[in-house]
Structures are given as C-alpha cells and as structure tokens.
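**Student:** One structure follows; several queries about it will come next.
Please treat every number below as a calculation from the coordinates, not as lab data. Note that the coordinates shown come from a computational prediction; the quantities given were computed from them, not determined experimentally. Please note: Cβ atoms are built from the backbone with ideal geometry, for glycine as well, and neighbour counts cover all protein chains shown.
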Amino acid sequence: MRLHKEVAHELKQMLDGCDIAGYNSNRFDIPMLVEEFLRADVDFDMKGRRLVDVQNIFHKMEQRTLTAAYKFYCNKNLDGAHSAEVDASATHEILVAQLQRYPDLGTSIDSVLKLIGEESIVDFARRFILENGIEIFNFGKYKGKAVADVLRNEPQYYDWMMKGDFPQYTKQKLTEIRTRSLLKKN
C-alpha cells in the first residue's frame, strides 16, 4: 500500500493543474484514475479540470448515420434517405463494400459474427440483458439482479411493469421469463 500511495502522490504532482485528454477517457480512464486515487487515500481534485475525450470528437465530427456510412463505404451520396427501399438498398451496398474492404470479415454470416461478436438481445429496448445465460435487469432499482429472482421475490414488480410504459416486446419477454420461472418451481 505504501508504494501505491507514493506513486499516487507522484502522479498527482505531475497532473497538478492539468486538464486531461484521452480516447474514451471520460468513461474509462478518468473514472479508473479517480478510483485509484481514492484507493490510495490521495486527494485528487477534479474541480476545474477540463476533460477532452477524443472519442467524443470522433463521434461528433464523423456522423454515425446511414448517409455517412454510404458516403464512406460506397463514395456516393444517398438521395432519398429514410425511404425503406433506398435505405435497404444502401445498407446492402454498404455491407458488400465492407466485405470487400475488410477481408477478415469473410463472406458468411458466421464469419462476420465471429469477428464482430454476436449481441445477445433479450428485448430490443435493452431493459434486460443476458449474463451467463440468465436474464438480468438493465435498469432501475433492480439493475444487475436476475429477473426471475426479482419476480419470484416481488411479484408485484411484474404487475408494475406490465402496466407501465414499456414496449410490448419487453412485456412479452418479461412474461416469458415469469412463465418459465413459474414452471421451474413446479
């Protein structure tokens, strides 16, 4: 612990009066840095420091839209964006261009998903996520808790969600989880 505290003091001196910049730093590096100072019991004041996250600049300056992707990958302007036919056609052209540009993607759905990862979606609103095959709440007071456990221990939460302003698909998935959990008990 002594060495950790000494290093923290040295780092604090180096950063004294400095603004901080990094890539994805506001969500990763800076919170980690502050936590480490707290662990070392070294007072590191963030007040008055300006934080520049280079990733935010990238996302702000380089649009993340279908029109921008079409221009980037196909070097064409997308006329008639937001009509289903134009958007679907542009998406197809972008995928073909991506497969050509990034040979590591391969040419099959399996090879693409192997490289980029396949997202496990429970509900599209992402109110629930999948962790180790178990549906987990991803919002509210039960965030991080297993949905089945919460519904078993507080069945009124199911009623609250079913009456709430949640998407129908989320409610459908909630009902499926509840039904499966009730069937397991019997």
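**Student:** Could you work out the relative contact order of the range 2-60? I mean the mean sequence separation of Cα pairs under 8 Å and 6+ apart, divided by the number of residues, in percent. Spell out each step's value before the answer.
**Tutor:** Working: 46 pairs, mean separation 28.4, N = 59.
Reported as a whole number, the value is 48 percent.
**Student:** By Kyte-Doolittle mean hydropathy of at least -0.5 and Cα axial length of at least 24 Å, which whole DSSP H helices of the chain are selected? Mind dumping the intermediate values first?
**Tutor:** Values: long enough: 84-101 (25 Å, 0.06); 168-185 (26 Å, -1.30).
Result, helices passing both filters: 84-101.
**Student:** While we're on this one: Please give me the summed charge of the neighbours of ARG49: other residues whose Cβ is under 15 Å from its Cβ, Lys and Arg +1, Asp and Glu -1. Could you put the intermediate results ahead of the total?
**Tutor:** Working: positive: LYS12, LYS47, ARG50; negative: ASP16, ASP19, ASP29, ASP43, ASP45, ASP53.
Counting the neighbours of ARG49, the net charge comes to -3.
**Student:** Let me ask something else. Normalised by the residues of the chain, what does the relative contact order come to in percent, with Cα pairs under 8 Å and at least six apart?
**Tutor:** Numbers: 145 pairs, mean separation 20.0, N = 186.
This gives 11 percent for the chain.
**Student:** To continue, here is another question. What percentage of all Cα-Cα pairs in the chain are separated by more than 20 Å?
**Tutor:** Values: 12694 of 17205 pairs.
That fraction is 74 percent.
**Student:** Sorted from largest down, what three extents in whole angstroms do the Cα atoms of the range 128-185 have along their principal axes?
**Tutor:** For the range 128-185, the Cα spread along each principal axis is 27, 21, 20 Å.
**Student:** Return an integer: the convex hull volume of the alpha-carbon atoms of the range 88-139, in Å³ per residue. Don't jump to the answer; show the numbers that get you there.
**Tutor:** Details: hull volume 5.5 nm³, N = 52.
For the range 88-139, the hull spanned by Cα atoms encloses 105 Å³ per residue.
**Student:** In deg cm²/dmol, rounded to 500, what helix-only [θ] at 222 nm does the chain give when every DSSP H run of at least 4 residues adds -39500 (n - 2.57) and the total is split over its residues?
**Tutor:** Rounded to the nearest 500, it is -16500 deg cm²/dmol.
**Student:** Give the residue list of chymotrypsin sites (Phe, Trp or Tyr not before Pro) in the range 130-166 that are DSSP loop and have at most 16 other beta-carbon atoms within 10 angstrom. Numbers along the way, then the final one.
**Tutor:** Details: sites: PHE137, PHE139, TYR142, TYR157, TYR158, TRP160; in loops: PHE139.
Qualifying residues, ordered by number: PHE139.
**Student:** Another question about this same structure. Given N residues in the range 66-116, what is its alpha carbon radius of gyration divided by 2.2 N^0.38 Å? Show your work: numbers first, answer last.
**Tutor:** Numbers: Rg = 11.8 Å, N = 51, 2.2 N^0.38 = 9.8 Å.
Normalised Rg, Cα atoms only: 1.20.
**Student:** Can I ask one more? Which whole-number percent gives the relative contact order of the range 66-116, counting Cα pairs below 8 Å spaced six or more residues apart?
**Tutor:** Numbers: 35 pairs, mean separation 13.8, N = 51.
Computed over the range 66-116, the figure is 27 percent.
**Student:** Would you list, by chain and number, the lysines whose Cα falls below 24 Å from the Cα of LYS76, excluding same-chain residues fewer than 8 positions away?
**Tutor:** Result set, ordered by chain and number: LYS60.
**Student:** Using per-residue counts of other Cβ atoms within 10 Å, averaged over each peptide, order 30-42, 53-65 from highest down. Show your work: numbers first, answer last.
**Tutor:** Working: 30-42: 14.3, 53-65: 11.7.
The most tightly packed comes first, giving 30-42, 53-65.
**Student:** To two decimal places, what compactness ratio does the range 20-85 give when its Cα radius of gyration is scaled by 2.2 N^0.38 Å?
**Tutor:** Details: Rg = 19.3 Å, N = 66, 2.2 N^0.38 = 10.8 Å.
My calculation over the Cα atoms of the range 20-85 gives 1.78.
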